[in-house]
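Comments concern the structure below.
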Amino acid sequence: MGVIVYSVLVAFLISILQGPLFIPILHKLKFGQNIREEGPESHKKKAGTPTMGGIIFITTAIVTMLIMHDNINSNSIFVFVTFLAFALIGLLDDMLKIIHKKNEGLTAKQKFLLQFIVSIALSCYACKSFGTDIFIPFLKITWTCNPIIYVLFVTIFLVAVTNAVNLTDGLDGLASSVTILVMTFFGVVSFSWHQYSVSVFCGIVVGTLLGFLKYNSFPAQIFMGDTGSLGLGGAVAAVAIVLKLPLLVIIVGGIYLMETLSVILQVASFKLTGKRIFKMAPIHHHFEKLGWHETKVVSVFSIATVILCLISFLSLI
């Protein structure tokens, strides 16, 4: 347990020390966020806030894993590689947004293509290295998939989770707060299941986000950008895959699911009926439109995630 605590503290220290160094550099380079025109009016003042804060996640994870190298094995390396691969896709997207001076980086087709290529490679590796078992929550049974079905499922799962976390990153501190709780949950589960190397990585992500939240909470001094949100999505998905708990992400990551479904339902409703279900999607903007302050949305969504974590624990015992 002490090693896990050290991983959190070391990652926190490295992360929080980078803020005063990294944020001024981004300001000088004018790597500011471009706010989408159809977004909430209150978000217009955020234009120019430095983005690509996910680079802090990458550097912190690399340095902390090197420091904790004695507690790293192939499982945590797989999780780290997944995190890094999706973070690099996000970095490319963020760079293009800055170059174009618009909230448009990679096209949807380009982003999905890159994600699917990476996901197929990772799912094939997971199939060979971890087997094809998937634990079914509450029923407490393990389903052994056909390898082809497993690869297809994991590929879609990786793409879905990374984009779900990306959609959640729409308010100051929202994705950071929710993911801290989700990764804490997986850290506890992996430790109790003797997957100590995975729990160390979970601790690294938690520590990194705690340090980053100092600068990302309202009013945000820096945004994680797609570099951060896609990387975090990859990390959450990869940990679930190693623990054979991808189905549990539906519960513990309920906020991610709700954000994604709100967008799908909004688009489908508008195309079919010409009417919108929500005042704005993703759903965190709907609550803003109802008059909730950003901090209230983040607090309520975080409380909901705590409850979902507790329900998830019950599904495993």
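Exactly one residue out of Val252, Val297, Val242, Val263 is hydrophobic (A, V, I, L, M, F, W, C), in contact with a Cys (Cβ under 6 Å, 6 or more places away or on another chain) and touching a residue at least 60 places away in the same chain (Cβ under 8 Å), and it is Val252. Taken together, Ala11, Ala85 contain a single residue that is within 21 Å of Ile241 (Cβ to Cβ) and modelled with pLDDT of 90 or more, which is Ala85. Annotation for region 84-107: no member residue is in contact (Cβ under 8 Å) with a residue 12 or more places away in the chain, in contact with a strand residue (DSSP E or B) (Cβ under 7 Å, 6 or more places away or on another chain) and not in a loop (DSSP other than H, G, I, E, B).
The rows are residues; the columns are (1) among the aliphatic types (A, V, I, L, M); (2) farther than 29 Å from Lys30 by Cα; (3) without any contact (Cβ under 8 Å) to a residue 60 or more places away in the chain.
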position: Lys140; (1), (2), (3): no, yes, no
position: Cys145; (1), (2), (3): no, yes, yes
position: Phe153; (1), (2), (3): no, yes, no
position: Ile156; (1), (2), (3): yes, yes, yes
position: Val159; (1), (2), (3): yes, yes, yes
position: Phe185; (1), (2), (3): no, yes, no
position: Gly211; (1), (2), (3): no, no, no
position: Gly234; (1), (2), (3): no, no, no
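When region 143-158 is filtered for residues that are in contact with a Gly (Cβ under 9 Å, 6 or more places away or on another chain) and farther than 13 Å from Lys128 by Cα, the ones remaining, listed by number, are Thr144, Leu158. Residue pairs whose Cβ atoms lie under 8 Å apart, sitting 6 or more positions apart in sequence or on different chains, and linking a residue in region 1-25 that is closer than 18 Å to Met52 by Cα to a partner that is aliphatic (A, V, I, L, M) and surrounded by fewer than 17 Cβ atoms within 10 Å (Cβ to Cβ), are Ile14/Val63. State which residue is modelled with the lowest pLDDT when the search covers only region 109-141 and only residues that are part of a strand (DSSP E or B) and loosely packed, with under 13 Cβ neighbours inside 10 Å. Top of the filtered list is Ile141.
The values are calculated or read from the model by the stated rules, or taken from the named source; none is laboratory data. Predicted model only: the values in this text are computed from it and were never measured. Because the Cβ atoms are built from the backbone with ideal geometry, glycine has one as well, and the counts that use them run over all protein chains shown.
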